[in-house]
Every structure is written in C-alpha cells, then in structure tokens.
Amino acid sequence: MAEPIRSLCDELIKAVNVMMEAESSQTYRLEALKFIEDFKEKSPLCVECGLQLAEKSQTAVVRHFGLQILEHVVKFKWNDMPPQEKLQLKNCTMGLLSDGTHPILQEECHVKDALSRIVVEMIKREWPQHWPDMLKEMEALTAMGDAQTELVMLVLLRLAEDVITFQTLPTQRRRDIQHTLTQNMDSIFTFLLGILQLHVNEYKKMNCIAGQELKGKLEERKPFMVLFDEVAMNYILSAAQSAGGAALCNQSSGGIVERRYTFLKRLCQVLCALGSQICSLVGSDIEVQVPVNLDKYMEALFAFTTHPSQFLRSSTQMTWGNLFRHEILSKDPVVGQMAIKYLRAARINLVKTGFPSKNDCPGCEFSRVDFDSDEDFNCSFNSFRAQQGEAVRLACKIVPFEAFRIAREWVQYQICTPIDTGNTTSVQWDAMTFFTESVFGQLFKILEKEKIPIDEGMELLQMVVHYETSDPLILSCVLTIISTLFPFVTHQPHFLPQVLFKIFPSITFELVEECKAPRTRAVKNLRRHACSSIIRICRDYSDFMLPCFDLMYEHVKRLFSNELLLTQMEKCALMEALILISNQFKDYNKQKAFLKELMAAVTAQWLSEEMKSVLLDPATFLAYVGADQVISDADTEDQMGINRSRISFCVNTILGVVKRARWPANPEEAKAGGFVVSTTSDGAPIYRNPCAEPLQALLPNLFALIRTQNSLFLPENINRLGKTFTRVYDIMDMEKNFALGIPQPLLDAYDSSAYRNIAERMQGFFSSLYDNCYHVLGNAGPCMQQDFYAIEGLAEQIVGSAFTHLDSVPDHRLRPLVRLFMKQLVMSCPRDYYDSLLNPLLGPLFTYLLQRLNFRWQIINQRTSLCAQEEDEAYEENLVTQEVVEEQLLRLVTREVMDLLSVTCITRKFPELSANKEEVDGDEEMVSMDSSQGIQMNTPSDELSELGKCLLQNEDIYMTLLTICFNSLSWKDTINCQRCASMLCWTLLKQVLGCNLLPDAVTWLYTSVLKGLQMHGQHEGCNAALTQLALLIYESLRPRYTELRFIMNQIPDIHVEALEQFDQKTIQSTVSKAGEKKKKEQFKRLIAGTVGKPLGQQFKKEVHIRNLPSLFKKPKPTRDMLENTDTAVSI
C-alpha cells in the first residue's frame, strides 16, 4: 500500500508545482487543477496522501496542499467516515500540532493557519459532546513550546471567528459551542493569561478574546470581568503602555514588524471589547460594580489613543464615546480625570498628519501599512475626526469648564504662534478650529446662562477679531471661530459692528499676486465661507441683527455697485442674508416693499423680451449661453459667460427669496403685521408671504426654462451642440464619484487653481441650473402657500414643463424632479388642493415612472458581459464603468421614486430610515436588521395617509402604485426591496383586500413576493420582510383564492404534507396567538425553496455539519439511540 501512496503523492506534488509555477501554460494549469480536484473528490487515499504531503520534509507549498486535503476530508467526508477513522485522523492531526511544524520563527504563516483550520473543523463537528477533553489537550500542547502555543492560539482564534463572528455553523451546533465556551470562560482566561505572563515580552495572539465581544446574554458576559483583576490588568496595561515602539523593529530605522503591529491591533480590539462589556454590565440587572482597576483600564486604552498609528487611535474612539455617555461611569471621578486627559490628547490627534506619502511624523510608517493611498487615509481621518468630535462633546458634558480652558488656551496659542512658510500652521489652525467648534457648541447647550464665562469668552473673541493674516486657509478658520463664539456677542451688542467688519472683507478677499489669474481654491473657499458665515448669523440671530440692517444694506449696495467685486453667487448670498433679517420687520407692507426693491433688477432682466425669447426656444437658449459654438477666442467666451451668469443670477435670486422670505413665527405678531389673510375651517391662520406677489410674475418664465431644459435632451437639440460641448449634459465627475463611492482626490488648496476649462464650466452651468429650477418649485409651496397652490392651471403648467420629454431625460436629471420638487410638493400641499393639483400630477407621473423603471431594470437584468478582444481592453473598461454608473444611478432613482411613493401614501408612526442615502450602497449592502425587526417594521403602525386615501378613490392610480411596489421587490436593489416589503406593500394592499380582486391579480401579487425572495432572499433583512409579507398575503387571501395553493405546490422541494397541514389551519383560522411564532417558522420552511443563492454561492460545494445530542435537554433513552451508540465513539 505504501508504494501506490508514494507514487500518487509524487503525481500530486508535480500537479501542485505546475499550478504554482509562473511559467506554466494555462492548459497545463487547468489539467493539473482537474487532476487535483478529481483526487480530492474520488480518491479513498486522501487521508494517507494528505498526511504524507504535510510532513516537515516537504516544501511549504506542498505541505500547505497536504493540509488542505485533510481539511477537505473533514469538511466534506466526515459524516460518512467510520468512528475509528475519525479517531485516527484526529490523533494524526494532534500529532502534527505537537511535532509537525518547524520552530515558530521558521514556520510559514499559511502552514500554521492551514493546520489550525483542520482542528477547528473537527471541533465544530465533535466538541463538546464527543470530544470533552479538547481544552485540556490544547492546554497540554502549550507546554511543549512556543510553536505549539501559537498554534493553539490560532485554533481558538479561528473557532471564535467561525462560531461568534462569522457564525458559519448550523444554529444548534453554534449554540452548543458558544454555550460551552461561555461555561469555560474562567478557565480559558486563566489559560490565556498564563500564556501572556510567560510571553509578556514576546507579543502573542489575543485574538480569541476579541472575537467574543458583545456576544451572548448579559449574564453570559460576566466572566469577562475576570480580566479586570489585578494581575490581568497589570499585564494588559504593561503591554499597552509599551505599544508606542512595540511594532517598530528599532526606533532608528522606523520599520514596522507586521507581527507585532498585528498584536497591538488585537490587544486594542480586546480593550475596546472590554469597554463594551463594562458599559453593558455596569448599571444592568446583573449588578456588576464599577471595576476597582478602571483607572488602569482607561490608562491602557489611552495609550492606544495616543499611539502614532492612525488606525489604533481611531479604533478607540467609539469606546471613549460609550464611556463618556454612560449614565453611571461618566460620573466616576476616574472617568472625569481621564476626560481631561482625552481633551488634551485631542489637540494632537485632530491634527491631520501621517499621510502614507510623507515622512513628517512617526504615524506615516504605520499609515503605509494600513492605507493604500493618501485618499484612503484622508477618508479614514475624516471619519476619525467626526468620531472624536462626538467624544469631545461628550467629554465637555463631564468637565465643561476644563474643556473651555483647554480650548481657550489652544486658540490663544495659535494666535500667538508665527505662521510658517509651509502649510503646517494651517493644519494646526484647522485642528484647533474643529476642537473649538466641538467644545463651544456643546458648552452653549449644556451650561445655564449665568454660568457661561462671558467675560473670558468675549476676551477670546476680541483676540480672534483683531487677529490679522493674509493666509486664506487660516482666515477661513478665523471665520469659523467667530461664528462659533458669536453667542457671546449677544451679551455685548456694541461689539457686533466689529464682528461684521471682520467678516465682510473676506467676501471680497483677493491675493495681490493673483491679479487676473484664476483664483486659487483657498481664496474661492474663503469667499464662499464668508458668505455662509453672514447667512448663518442672520439666520440664527435675525432679531439681534435687526438694528444693523440699514448698515448692512448700505454696505451691500456699495459692493453691488462695483461689478468686478462679487460673483453672482456671492451677490445672491448677501441678498439672502438681508432677506433673513427682513423677516424680523414683522410688517407685511414694509417687507414686501423691501423685497420688491431688492428684486427689481432681477425682475426687470427676467421679464425682458430678450430673456423671454431665450427661455422659450431651445435653439435660442443654446446660442445665448454659447453651447452651440466651437470656442476659438477668449472674447467670445467672455460674452457667453456673462449670458450664463445672467440666467444663473436670476434663478439663484428667485431661489434665495423662496427659501428665506417668511412671515413671523408668532401667530399674534403675524396677525398684527398683516400677514394673516383668513383662517381655515378649524381656525388655523392662513398666512401670506410678502414675496408671493413678485414671485408669481416670475413663475411663467421659470416653467418655460424647465420645459426648454427638458427639450435640450432631444436628438435634434443635442445635434446643435458645438464640438467643444458635446459632453456637457453628462453627469458631473463629482456626482459620478459620489454615486460610485470613489473618494474625491486630495487637492492642495494653496497650489491648486480653481480654474475650469470652458467645457467644464458649461457642464456645471447646466447641472446647477437644472437642480436650482426644481429647488425653486420645491420651495414655492411652503413659501407662497395658497398663492402658489391656487395659481390657475398650475397642474397643466407643471405637466407642460417639468413632465415634458421625460423619455429623453437621463436618470441623473430625473432625480431632481422627484426629490427636490415632487416630494416637497406632496409633503407641503394642503388637503384642499389634492383633487385640483396632486391627483392630476401624481397619476401620469407614477404611470410613467412604472413604465420607465420596468424598462430600465429589464435592461439591467438582461445585461450580459461583453467579451472584448485584448486590443479593446481600454474600451471594455470604459464600457464596464459606464454600465456600473448607469446601474447605480438607476438604484438611486428607484429609491427616490419609492421615497416619493412612501411620503405620498404612508403615515409613519415612528422614525424611518432615510431612503435617500446616497453613499454608494452596493447591491450586497444591507441595513442591519434581524428577523424580529423585519417583522416588527410591518405592523399596523404604517397607515394610509390622507393623500393615500384620496388616491385610493382612483382605481387606476392606486393599481399603478401597487404595481410599482410589488414590481420593485425583484429589481436588483436589496435596500429598496427591504423597504418596500416592510413599509409599503402590505399597507397599500390591505386597503383593497375587501374588493373583488381578479384571480390573475392575486396570482401576480403573490408571485411577485416569491420572485423577490428568489432575488434577495439570501439577505437576512430582505428574507424576514418578504417572508412576513408573503405570510400576510397567504393568510388573508388563501381562503378565497385556491390559486395561491397552486403557486405553493410549484415551490421547489416543497413538503406536500406540511403544506396541506398549514393550508388547512390557514383556511380554518385555527392558530392561536401563542402559536404565531411557530406558524411563521413553519411558513418560512415551506417557502425556503424559493430563496435564491448569490452568484458566489451557486456553484459552491455545501458543507453539512450534523447536530449532536442537545446540551440543553436531556435526551429520551430510545431504542434507536441505544442500538447506535457505536456511532458516537468519543474522539
């Protein structure tokens, strides 16, 4: 027998080498792979060959392959092996653990990993019932040396990952193993701490502890507190405090030792897991006291918070937040002292340094390990900064006055520090500004008015106001600090003019050396920031700003008189600020007169005959903005740029007015000021807006512009575009990257010019103009109220403009119509205008959207990969990118439509997840939700809204809404499917259950849900929502429609007898409330055959792990069990 095994092993070694050698041809490699796979599946000598190939005399690649064979045997053949063969394989594997590897520093990591996985696979199948001494055997192995200790650590790590983290076992087996791990937690920790004590200077694995974080019931977590005893915490603190240089091979070279750095990450993970346990257990019913060693724990955590590694720093932030917000722990003196240390450390951590491309701080070396690029680092740092800002705000609640002092000291230090020639100072200012915002923003919320240190705050504000710099980045930080400290000014109003005179020069800021060159990005951002600061102050303190209105108005007029001082956007921003203050006039006629005066120039230009002719005709419009030309000289470009800015200025001014102009919030003041025209039937006041009359005259031209913009996508108008502008209708790069989740490139604000070529400016003009037109219409309702809704023929005007030529409008242009306009219109429209306005709009719109989305998703579902030739590789890459963009945009449009449908028909009784989450949610990404949550979301708390009841009266519209909802269940968007199934479908369907639905309609509805399960059922959240929906439909309609039973019979692998029993109970409605959970589980098993598999799982060989005798119930001594005791031989 030995010779055939040796010969077969030689062939296997040759096959492995062929597969791994770079010189091997594809044909030979495939042949070798087929030979190996056939051997693993069919050969009876797998164990013998695997053991021989795993011997230390073989190469690492061959040994790894031998161990893979043994793992394959355990995973796929274990259930069919006789007990004695199982025992033999287990003993051989333990032999490999004890004497089958090279010394710890010589052995390859992948060999260690492969060997540990074999043991884990056996544990998953036999422990604890058939292998009760496993932990003792592991402990005995650690006494044999470092190599065996590391292998045991790896075994425990992989076991924890599979059982706790990834949960790759059947439920019963997972419960058995997790329960036994919890029962043995004290001995496991003692065992691990003993190992740590022996190897405290040689960092080993602590992974298995971290793998168990936040799992199990509270009483099952209590054993974790053993790590807070004196010995354990001393070792953890010692390891943490030496973490700063532990990952470096030596301080002079600065190189990273990956193994040590990985240990630090694991130890940090352990500390964070312990923090979660403290927060869960302290103050709970388990009666766990605050640990006496809490100070040492927090010192250990703090050591990682101050580590040079950005990854380690950010890993601790959530734990700090949990500790600082904990009701009991936050009041502990130890936590209070640590909050002060945390705030001081934040002064260093918030400084954005450590980019992997640089070498300006110790963190750069670690960043090169953790991040692929500066963009990746930047994204991570932004997230880290947001988390740290939250922790700083929480720390302020604990030590408010210390936080005030630290923030004040930092501001004073930066003001007194000379500016260097590089951008180091600006980075420091940026960090200080964020810290100051976080601290003072919280202090003004939590401190009583009399406890606010006004004098010290005003002294600090005066220092900032008097600070002079010509650096645009630092000046932008100064503006932020002024806005943050502005509440102090309300206590000393005489200082207000000085603040305004500090902000206004930044609006017209220029660098002397720029001359006629394009402004740098820093300068443009500063000017925009100054405008935003003025708007923010006027919005939040409009009553306080009222005495300065005349002063501001005169200053704005002087700025407007010089055409070269301000851009059109800056002019609009200043107008918005004035409008916000004018809302405090509380006099209808005075405010109306001011608005007319402010808008006079725009009104005259917008209503001129020239502008009317431009807005009405697409060809004239393209010529006016210069999009039909091939640009050859700068003079032509300047003229066309002026024309574009005129249109943009008019639309932006209209938008500013509808966003900002309002009546007084106090009903009595509104009535006294002449803003109330009448009351509703229930006595509620009906207001009039001072801007309504001027705006009504401007709306016809706005509708004409919207109609013209939609017409621009027609083929004849696309052909009118000049060669320079053929791509100006494409989606903007920033919007595309946002949809795809691609981080924006890092730009040096000092060096980067904000210049864009003419094509990019034209593209930006079309994009912003399109969006802003719908912004105006979306805000017109809340702003003008009945003066907008009661416009004669409004529905016809909207249909004739916004709904024109939608077939030609691309998806990225359809979204503003749905989100910015129609959603806002639905949410703000009074009940009196449902029949005259919303019904005529929503009926045609939803009918069109159903047809469009069905067609677009059909294309996506049927799209197949194209096999391009090698020379077309670049073309194929561009095509694939375009398809990905199209698919993601379609998802976003679909979510916008379903969100519109939701606000149209559903009244929510509890907060709803935003349906406009535009971070790139991939198809596989899911909202975290377990089965119980999925069922709870579909409760009677979702009711039909008043508008939904109105639409219910129109059968055609309501059937369209139902069709959209049930069709969307099988579109390739899991997030949309889950939301529709849990929030929309049943709420809409139950309204018509009493009607005489056609059998074909019932069949289609139920089949749509099952199709959704086929498409998305592998996702837990979708599965729960769809299963609940299917059950509700079956229960409600099965007694009247036998067609549902016919559909159930067609489900693959359906158990006919179980279906018959369930069917009878459904028809007879005999299930009690106590049996509801059991009924749901039975139904879930019945329709399990409809659940589809993801592509990556469709061709994967299934692993079957059998359940062992239960640990939780004493099994009854049956005759079969007694007869088959030989099959349960303990291994």
Inset, instruction - For Ile686, enumerate residues with amide H under 5 Å from its amide H, sequence gap 5+ or separate chain, H modeled in the peptide plane. - result: Val677, Ser678, Thr679, Thr680
Inset, instruction - Obtain the nm distance between the two label points defined at Val61 and Ser828 by a simple spin-label model: each point lies 7 Å from its Cα along the Cα-to-C-beta direction. - result: 6.9 nm
Inset, instruction - Per residue, how big is the convex hull around the C-alpha atoms of segment 143-195? Give it to me in cubic angstrom, could you? - result: 77 Å³
Inset, instruction - Calculate how steeply helix 258-281 sits against the longest principal axis of the alpha-carbon atoms of the chain, using the helix alpha-carbon long axis, and give the answer as 0 to 90 degrees to the nearest 10. - result: 80 degrees
Inset, instruction - Give the Rg (one decimal place) followed by the Dmax (whole number) of segment 93-176, computed from C-alpha coordinates and expressed in Å. - result: 12.9, 40
Inset, instruction - Sort 896-907, 402-413, 88-99 for me by packing, meaning the mean count of neighbouring Cβ atoms within 10 Å per residue, highest on top. - result: 896-907, 402-413, 88-99
Legend entry - Listed residue pairs exceeding 32 Å between alpha carbons, taken from Lys34/Lys1011; Lys136/Lys1100; Lys77/Lys1084; Lys352/Lys451; Lys352/Lys397; Lys265/Lys1077: Lys34/Lys1011; Lys136/Lys1100; Lys352/Lys451; Lys265/Lys1077
Inset, instruction - Sort 597-603, 315-321 for me by packing, meaning the mean count of neighbouring Cβ atoms within 10 Å per residue, highest on top. - result: 315-321, 597-603
Inset, instruction - Taking the Cα centre of the chain as origin, work out the dipole magnitude from +1 charges on Lys and Arg Cβ and -1 charges on Asp and Glu Cβ, in debye rounded to 20. - result: 2540 debye
Inset, instruction - With runs of 4+ DSSP H residues as the only contributors, calculate the mean residue ellipticity of the chain at 222 nm using -39,500 (n - 2.57) per run, divided by the residue total and rounded to the nearest 500. - result: -20000 deg cm²/dmol
Legend entry - Estimated FRET transfer efficiency (Asp807, Glu597; beta-carbon r; R0 41 Å; 0.05): 0.40
Inset, instruction - Would you mind getting me the FRET efficiency between Val1103 and Lys1065? Use the beta-carbon distance for r and R0 = 25 Å, nearest 0.05. - result: 0.10
Inset, instruction - Give a residue-ordered list of calculated ³J(HN,Hα) values for segment 658-675 (Karplus: 6.51 cos²θ - 1.76 cosθ + 1.60, θ = phi - 60°; whole Hz; x for Gly, Pro). - result: 5, 7, 9, 6, 8, 8, x, 6, 7, x, 5, 5, 5, 5, 5, x, x, 8
Inset, instruction - Please calculate how many Å² of accessible area the chain carries per residue, with a 1.4 Å probe and no DNA, RNA or ligand atoms counted. - result: 46 Å²
Inset, instruction - Evaluate E = 1/(1 + (r/R0)^6) for Arg175 and Asn79, where r is the Cβ-Cβ distance and R0 equals 30 Å; express this FRET efficiency to the nearest 0.05. - result: 0.95
Legend entry - Helix 588-606 vs. the chain, principal-axis angle (Cα, 0 to 90°, nearest 10): 90 degrees
Inset, instruction - Run through every distinct alpha carbon pair of the chain and return the Kirkwood hydrodynamic radius in angstroms, one decimal place. - result: 35.2 Å
Inset, instruction - Quickly rank 151-163, 720-732 as a protection proxy: mean count of other C-beta atoms within 10 Å, highest first. - result: 151-163, 720-732
Legend entry - Karplus (6.51, -1.76, 1.60) ³J(HN,Hα), θ = phi - 60°, over segment 773-778, in Hz, Gly and Pro reported as x: 4, 6, 4, 4, 5, x
Legend entry - Cut-off under 5 Å, modelled amide H: who pairs with Gly741 long-range: Val920
Legend entry - Karplus-derived HN-Hα couplings along segment 498-504 (A = 6.51, B = -1.76, C = 1.60, θ = phi - 60°), whole Hz, x at Gly and Pro: 5, 5, 5, 5, 7, 7, 4
Legend entry - Share of carbon and sulfur in the accessible heavy-atom surface of the chain [1.4 Å probe, %]: 52 percent
Legend entry - 5 angstrom amide H check on Val257, placed H, neighbours 5+ away: Leu248, Cys249
Legend entry - the chain: antiparallel DSSP beta bridges as a percent of all, rounded to 5: 90 percent
Legend entry - In degrees, nearest ten, helix 873-905 long axis to first principal axis of the chain (Cα): 70 degrees
Legend entry - Whole-angstrom Cα spans of segment 559-628 along principal axes, big to small: 47, 27, 17
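The values are calculated or read from the model by the stated rules, or taken from the named source; none is laboratory data. Just so we're clear, the structure is a prediction, and the values are computed from it rather than from any experiment. Quick reminder, even Gly has a Cβ in these numbers, built from the backbone with ideal geometry, and neighbours come from all protein chains shown. Heads up: the accessible areas ignore ligands, DNA and RNA and are worked out on the full protein's heavy atoms, side chains in. Shrake-Rupley method; radii C 1.70, N 1.55, O 1.52, S 1.80 Å.
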